[in-house]
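This report refers to the structure that appears directly beneath it.
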Amino acid sequence: MEIHDATTSSGQPGLFGFLGMGPDQRSAVGEAVVTQACIEQLARIFGPQALQPRATLYKD
């Protein structure tokens, strides 16, 4: 996964990223599994608070 800072000019924090999975693989595992895997990776990087994001947006 590739992660980028998407903080707005007004200071509203955010992150966005890209997955290293092809469309067939994403489709096979489904949105919920992909989203949970991303959240778990963010928790490994940023700590346990990342396990409870304010919001997620999955766009394929």
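We did not get these values from a lab; they are worked out from the coordinates using the rules stated. Computed from a prediction, not measured in an experiment: that's the story for all the values here. Here the Cβ positions follow ideal geometry from the backbone for every residue, glycine too, while neighbour counts run over all protein chains shown.
Largest mean-square fluctuation among Q41, Q12, Q25, in a Gaussian network model of the chain whose springs join Cα atoms under 10 Å apart, belongs to Q12. Relative to the dominant Cα principal axis of the chain, helix 31-46 is inclined by about 40°. Amide H to amide H distances under 5 Å link L15 with A6, where only residues 5 or more positions off or on other chains count and H is placed in the peptide plane. Kindly list the residues of region 29-60 that lie in the label zone of F16, defined by a backbone N under 11 Å from the point 7 Å along the Cα-to-C-beta vector. Output list for this probe position: 59.
Entry note, the chain: the mean residue ellipticity at 222 nm calculated from DSSP H runs of n ≥ 4, each adding -39500 (n - 2.57), is -12000 deg cm²/dmol after division by the residues and rounding to the nearest 500.
Mind sorting out which of (i) -0.43, -0.97, -1.19; (ii) -0.55, -1.11, -1.29; (iii) -0.47, -1.07, -1.30 is the real log10 I(q)/I(0) by the Debye sum over Cα atoms at q = 0.16, 0.24, 0.27 Å⁻¹ computed from the coordinates? Given (i) -0.43, -0.97, -1.19; (ii) -0.55, -1.11, -1.29; (iii) -0.47, -1.07, -1.30, the structure-derived one carries the label (ii).
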